[in-house]
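Chemist: Okay, handing you the structure first.
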Amino acid sequence: MTHELQDITILGAGPAGLFALFYAGMRGAKAQVIDALGEPGGQLTALYPEKYIFDVAGFPKVLAKDLVKALVEQAAQFKAPIHCSQRVVALEEADGHFVLVTETDRFPTRSVVIAAGIGAFAPRRLPQACAAPWYERGIYDRVSSPEAFAGKHVVIIGGGDSAFDWAHQLRDRAASVALVHRSDRFRAHAATVAEVDAAVAAGRTSIHTFHELHDIVAEGDRIVALELKDIKAKTTKRIPADVVLPMLGFVSDIGPLASWGLQLEKDEIAVNSQMETGRAGVYAAGDITTYPGKLKLIATGFAEATTAVNQAFHWVYPEKKVNPGHSSNLAVFGQKDD
Ligand SMILES: Cc1cc2nc3c(=O)[nH]c(=O)nc-3n(C[C@H](O)[C@H](O)[C@H](O)COP(=O)(O)OP(=O)(O)OC[C@H]3O[C@@H](n4cnc5c(N)ncnc54)[C@H](O)[C@@H]3O)c2cc1C
């Protein structure tokens, strides 16, 4: 299907893209956001919905999923559409405007703000063939509701921050938590490792270093145990398991962006201080951008989103100022200039 022509289309509904959507609405632009994932929020929704974030201005701490909820609510004031499950595969030009093309739809737009983060990304899957049939039936690569694991034997595979964070967070809910890792070197915060070590000492958690998944033991349509292989001794052992959480990082792919005539540095878009990408009418914000001193943080993405949107708005309507003025004075919020 072909959608209505918009002034600004934002590629990516992570925090930068969602804030850009709000900002475009505040400027009076017709805007929309498109995302490959099934729901908005980018990395916050896909990778760490239950983690607290401590460095977003104005929030002493905020759960990632709650920040996404607030961003969606803020953008919803202007009733701009959020198109999920739409992976952008091409950027075309037709009739004097751009068209963002997905596998099923076409999104005509006068300007583009790319807020594609680390690209369309997916959790890295367990390489063992025995795991494939159990995804979403006992093996889950993201935790949307920790309560669902209450009273279960949970096995977490991995040695990074996510693995340790979930081992720590699930230790009091689950019947047992086992952490399985191929080495004895962990890529997690020392404080979280220490907390998990304390849970091990208390008998609520176990850590199986130099082990990997060997086989899945099932009864009917549910997992009941895992066979683990000691990669040094080549022996196997069995541990109880109702739920397996592979926390192996993720693979990302900027895919089609590479052929869009943008200034790329590795997998990032080199932008100037106007968030221009090297292609007129196409701007960028958030983790996808690079420039000297770039910090990949939510706070940085918010600021870049305001610049990108204000520049895009001015590109579409050259008679309008780049500077939006202060929101506290804007008529769109029922305020008056003083
Ligand atoms: C575990 C973890 C903890 C973190 N903690 C913090 C923290 O405490 N503080 C902090 O400031 N930052 C933190 N970060 C970093 C922060 O999450 C990122 O800086 C932020 O998500 C970047 O936002 P973004 O909108 O630029 O991109 P993303 O959040 O990556 O969103 C980009 C979106 O673009 C979509 N997309 C990409 N390509 C396409 C395509 N071709 N078609 C359609 N959609 C596409 C993706 O699906 C994704 O939804 C953390 C990151 C991780 C992984």
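Chemist: Quick check: is even one residue across segment 70-82 within 13 Å of the ligand (Cβ to nearest atom), open to solvent by 50 Å² or more (accessible area, probe 1.4 Å) and assigned to a strand (DSSP E or B)?
Modeler: Within segment 70-82, one or more residues are within 13 Å of the ligand (Cβ to nearest atom), open to solvent by 50 Å² or more (accessible area, probe 1.4 Å) and assigned to a strand (DSSP E or B).
Chemist: May I pose another question? Give the residue that is most open to solvent (accessible area, probe 1.4 Å), with candidates limited to residues of segment 16-41 that are more than 10 Å from the ligand (Cβ to nearest atom) and assigned to a helix (DSSP H, G or I).
Modeler: Going residue by residue through segment 16-41, those that are more than 10 Å from the ligand (Cβ to nearest atom) are 21-32.
Checking which are assigned to a helix (DSSP H, G or I) leaves us with 21-26.
Values: L21: 1, F22: 15, Y23: 31, A24: 0, G25: 11, M26: 16 Å².
Among those that are more than 10 Å from the ligand (Cβ to nearest atom) and assigned to a helix (DSSP H, G or I), it is Y23.
Chemist: Any idea how many residues of segment 96-142 are at positive phi and either free of Cβ contacts under 8 Å to residues at least 40 places away in the same chain or open to solvent by 20 Å² or more (accessible area, probe 1.4 Å) (or both)?
Modeler: Here the count works out to 2.
Chemist: Right, something else. Quick test of your reading of the structure: E212 fulfils all but one of (1) over 26 Å from A122 (Cα atoms); (2) in a strand (DSSP E or B). Name the failing condition by number.
Modeler: Of (1) over 26 Å from A122 (Cα atoms); (2) in a strand (DSSP E or B), only one is false for E212: (1).
Chemist: Being assigned to a loop (DSSP other than H, G, I, E, B) and either open to solvent by less than 80 Å² (accessible area, probe 1.4 Å) or within 14 Å of the ligand (Cβ to nearest atom) (or both) is the filter here, so list the residues in segment 83-95 that pass it.
Modeler: C84, S85, Q86, R87, listed by residue number.
Chemist: Tell me, please, whether a residue that is at pLDDT below 95 and within 20 Å of P15 (Cβ to Cβ) can be found in segment 298-312.
Modeler: No.
Chemist: Criterion first (open to solvent by less than 20 Å² (accessible area, probe 1.4 Å), assigned by TED's automatic domain parsing to the domain that holds T289 and assigned to a loop (DSSP other than H, G, I, E, B)) does A13 satisfy it? Quick ask: steps written out before the conclusion?
Modeler: Values: open to solvent by less than 20 Å² (accessible area, probe 1.4 Å): yes; assigned by TED's automatic domain parsing to the domain that holds T289: yes; assigned to a loop (DSSP other than H, G, I, E, B): yes.
Against the criterion (open to solvent by less than 20 Å² (accessible area, probe 1.4 Å), assigned by TED's automatic domain parsing to the domain that holds T289 and assigned to a loop (DSSP other than H, G, I, E, B)), A13 qualifies.
Chemist: Among the residues that make up segment 230-245, is at least one of them surrounded by 16 or more Cβ atoms within 10 Å (Cβ to Cβ), within 16 Å of the ligand (Cβ to nearest atom) and not aromatic (F, W, Y)?
Modeler: yes
Chemist: Those residues that are free of Cβ contacts under 8 Å to residues at least 60 places away in the same chain, open to solvent by less than 60 Å² (accessible area, probe 1.4 Å) and part of a helix (DSSP H, G or I), I need them from segment 315-333; list them, please.
Modeler: N329
Chemist: Further, regarding this structure: For the subset of segment 263-311 comprising residues that are among the small types (G, A, S), assigned to a loop (DSSP other than H, G, I, E, B) and free of Cβ contacts under 8 Å to residues at least 60 places away in the same chain, which member is nearest to the ligand (Cβ to nearest atom)?
Modeler: Residue satisfying both the conditions and the ranking: G293.
Chemist: Would you confirm, using the coordinates I've provided, whether G249 is open to solvent by 30 Å² or more (accessible area, probe 1.4 Å), touching a Gly at 6+ places or on another chain (Cβ under 7 Å) and farther than 22 Å from T102 by Cβ? Before you say what the answer is, go through the steps one by one.
Modeler: On the way: open to solvent by 30 Å² or more (accessible area, probe 1.4 Å): yes; touching a Gly at 6+ places or on another chain (Cβ under 7 Å): yes; farther than 22 Å from T102 by Cβ: yes.
The answer is yes for G249.
Chemist: Does Y52 meet the test of being open to solvent by 50 Å² or more (accessible area, probe 1.4 Å) and assigned by TED's automatic domain parsing to the domain that holds T290?
Modeler: yes
Chemist: Right, something else. Residue check, L248 against (1) in a strand (DSSP E or B); (2) within 17 Å of A178 (Cα to Cα), all met but one. Which one?
Modeler: Condition not satisfied by L248: (1).
Chemist: Follow-up question, since we're still on this one. Kindly list, by first and then second residue, each pair from a residue in segment 47-60 that is within 7 Å of the ligand (Cβ to nearest atom) to a residue that is acidic (D, E), limited to pairs with Cβ atoms under 8 Å and residues at least 6 apart or on different chains.
Modeler: Filtered contacts from segment 47-60: Y48/D165; K51/D165.
Chemist: Taking the condition of being open to solvent by 60 Å² or more (accessible area, probe 1.4 Å) and within 27 Å of F313 (Cβ to Cβ), how many residues in segment 265-286 meet it? Spell out the reasoning first.
Modeler: Kept after step one, since they are open to solvent by 60 Å² or more (accessible area, probe 1.4 Å), are these residues of segment 265-286: 265-267, 272-274, 276, 280.
Now restrict to residues that are within 27 Å of F313 (Cβ to Cβ): 265, 272-274, 276, 280.
The number of residues fulfilling the criteria is 6.
Chemist: Taking the residues in segment 161-177 that are open to solvent by less than 10 Å² (accessible area, probe 1.4 Å) and of a type in the set (G, A, S) as candidates, determine which candidate is farthest from D242 (Cα to Cα).
Modeler: Ranking the qualifying residues of segment 161-177, first place goes to A163.
Chemist: From (1) modelled with pLDDT under 95; (2) at negative phi, pick out the condition that doesn't hold for K229.
Modeler: (1)
The values are calculated or read from the model by the stated rules, or taken from the named source; none is laboratory data. From a predicted model like this one, the values you see are computed outputs, not experimental measurements. Virtual Cβ from ideal backbone geometry, glycine too; neighbours counted across all protein chains shown. SASA here: full protein model, heavy atoms, side chains in, ligands and nucleic acids out. Shrake-Rupley method; radii C 1.70, N 1.55, O 1.52, S 1.80 Å.
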